[in-house]
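Input: a single structure, listed below in C-alpha cells.
Throughout, read-outs are computed from the coordinates displayed, never taken from laboratory work. This is a predicted model, so every value here is computed, not measured. Every residue, glycine among them, receives a Cβ derived from its backbone with ideal geometry; neighbour counts consider all protein chains shown.
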Amino acid sequence: MTVPSVTLPTLTPPTVTLPTVTLPTVTLPTVTLPTVTGPTVTVTEEPEPTTEEPEPTTDEPAPETEETPETEETAAAPQENADDEDGGSGWLWLLLALLAAALIAAVAALVRRRRARAAWSASVEGTLPEAIWLRDSVVPDLVTEGPDGRAGIWVVTRQRVVALEEELRRLVADPPDPANARPVVALTTAVEALRRLLDQADALPDFGGPSVTAALQRSRAEIDEAITAIQPPPVPRAGEPV
C-alpha cells in the first residue's frame, strides 16, 4: 500500500523588536587600604650535598682511637698547675719577705748593741783618769801622812772619789756585756772599800797606825789590778826599756 506524500507548509515566526533601556552610571568611592609590613623572612639556602665519592686508597685506615676523659683532665691540668705555681710563688715571696725582715732586725740589733758597747766603753775609759789619780796620788799621800794629814787629805779629795764611785756604779748596773764588765766591777768594789775606810777615820783609834796603812796599800793594789784589766799597758817595742 502506498502512503501518499504530505507537504507541510513553512511557518515563519514573527520578529519582535524590544525597546532600548539606558541604565544610569553609578560611581563607587575609592577605598585605600593601610599598608601592612610583615616580618622579613630570610631563607637560608642549604648547601647541596656533594656527591663526590672519595677516591679509593690502598692504605689501610688508621685504627680509630676512642676518646677518653683524659682529654678534659689534660685540659684542666695546666690550670691546676698554674694555680699551684701561683700559690707556691706567693708562699716563696712571703718567706723571702720574712727572712729579709728578720735579717734587717738582726742587723739593726747588732748595730745598736755595738753602739751601746762603744758608748759604755767610752764611759769606762772616761773614769780611768780619776781612778789613776786615786791610785797614784791620793792613796800614796794617805800612806805617808799621819792621822791629821790623812784626815785633811780626805776632806779635800772625798767629793771626787764619791763622784768616781757613783759613775762606776752606774756603768756596772747595765753593762752591754757582763763578761767585759768584771774588771769595772772590781774597780767599783775597790773604790767603794777605800771610801768606806776613809769615812770611818774619826771612829778608828789608830787612823794613823800601821793597820790603816796596810789597808790603804791593799786598796791601792786592788785599784791598780782593776785598772790594768780594763786598760792593759802598751807592749814595749823592741829595743825600748821596759
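Here are a few things to note about the model shown:
- Per residue, the convex hull spanned by the Cα atoms of segment 118-230 amounts to 86 cubic angstrom.
- Signed unit charges on C-beta, dipole axis of segment 115-195, positive-most listed residue Gly126, Ile153, Ala116: Ala116
- Our summary gives segment 118-230 a relative contact order of 38 percent, counting only alpha carbon pairs under 8 angstrom and 6 or more residues apart.
- Counting Lys and Arg as +1 and Asp and Glu as -1 over every other residue whose Cβ lies under 15 Å from the Cβ of Thr144, the net charge comes to -1.
- Segment Thr189-Ala106, length gained on full extension (0.36 nm per residue, minus Cα span): 26.3 nm
- Projected label distance in nm at Arg158 and Asp206, using a 7 Å step from Cα toward the beta-carbon: 2.4
- Efficiency of FRET from Cβ geometry, Ala179 and Trp133, R₀ 35 Å, rounded to 0.05: 0.80
- Its Cα centre serving as origin, segment 118-230 has a Cβ charge dipole (Lys and Arg +1, Asp and Glu -1) of approximately 80 debye.
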